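Before any comments, here is the structure.
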Amino acid sequence: GTAPRLQKTIVLVGMMGAGKTAVGTALARALAVPFQDSDEEIVRAAQMSVAEIFERDGEPFFRARESEVIERLLTGRPAVVSTGGGAFMSEANREMIARLGVSCWLKADLDLLWNRVKGKNTRPLLRTADPRATLAGLIEKRYPIYGLAQVTVTAEPGLSIDEMAQKVIAA
Ligand code: S3P
C-alpha cells in the first residue's frame, strides 16, 4: 500500500477522553499495523472491568498490571498502542516507552475532555463528588509530564478521528 512502514510502536498517551482509543484504532488502520489498548488487555486478563479491578484490588495493583502489559505490547512488532491516562505518569513506564517505542501525547483541553467523559461511569478516578473538578486537577498534575512525550498532537473539537490520525502521522 501507500502507508509509510512503521519502524517503532507508537504509544498514545494523554487524559481519559482525549481519544487515544478512537484515534489509535484509525491510526493503526492507516498504517496497516495492529492496534492494542492497554486497558483492554488488563481487563481481558483479569476478566473484570477497570472499575472492578480498582475496587477489588486497588489502584497500585492496576498500575502493576498496566506496566507489565505495556512492556509486553512494546516488545512485539511495530503497532499502535493506546494507554490508560495514568500510564505515562510512571517514570519507569516513560523510560520503557522511550526505549522501545515513540510516545505521542494527544492533548485536549478540559472542556473537550469533560464533554467526552461526563455521563460515563467507567472511570473510577472520576467517581467523586465533583468529577469535573477532579478532571481539572488531574490535568494540572499531568500536563507537565505528558509534555515529556516525544510528539504532541492537539485535539480540536472540529477534527474527525481520521483527521486526528493524519495529524499524528504528519507529526
Ligand atoms: C486512568 C485512565 C483510564 C484507566 C483507569 C485510570 C487514569 O484509561 O486506565 O481508569 O489514571 O487516567 P483511559 O485514559 O483510557 O480512560
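R0 = 30 Å: FRET efficiency of SER49 with ALA136, Cβ-based, nearest 0.05?
Between SER49 and ALA136 the formula returns 0.75.
Using a basic spin-label model with each label point 7 Å from the Cα along Cα→Cβ, how many nm lie between GLN7 and THR122?
3.4
For Cα pairs less than 8 Å apart in space and 6+ apart in sequence, what is the mean separation divided by the residue count of the chain, i.e. the relative contact order in percent?
Taking the mean separation of contacting Cα pairs over the length of the chain, I get 35 percent.
State the number of lysine pairs found in the chain whose Cα atoms come within less than 16 Å, restricting to pairs 8 or more positions apart or on distinct chains.
Qualifying lysine pairs in the chain: 4.
List the residues whose amide H sits under 5 Å from the amide H of THR9, counting only those 5 or more places along or on another chain, with H placed 1.01 Å from N in the peptide plane.
ALA79, VAL102
Computed over the Cα atoms, what is the radius of gyration of the chain divided by 2.2 N^0.38 Å, N being its residue count?
Taking N as the residue count of the chain, the ratio is 0.99.
Could you give the length gained by full extension between GLU68 and ILE161, i.e. 0.36 nm per residue of separation minus their alpha carbon distance, to one decimal place?
30.6 nm
Please give the FRET efficiency for ARG77 paired with THR152, using the beta carbon to beta carbon distance and R0 = 25 Å, rounded to the nearest 0.05.
0.50
Which FRET efficiency value, to the nearest 0.05, is calculated for GLU91 and ALA32 with the Förster distance at 25 angstrom and r the Cβ-Cβ distance?
The pair GLU91/ALA32 has a calculated efficiency of 0.15.
With just the Cα atoms defining each centre, how far is the stretch 118-171 from the stretch 67-104? Give it in Å.
For the stretch 118-171 versus the stretch 67-104, the Cα centre distance is 17 Å.
Every number in this text was worked out from the coordinates using simple rules, so none of it is lab data. In this text, all values refer to a predicted model and were calculated from it rather than measured experimentally. Don't worry about glycine lacking a Cβ; one is built from the backbone with ideal geometry, like all the others, and counts go over all protein chains shown.
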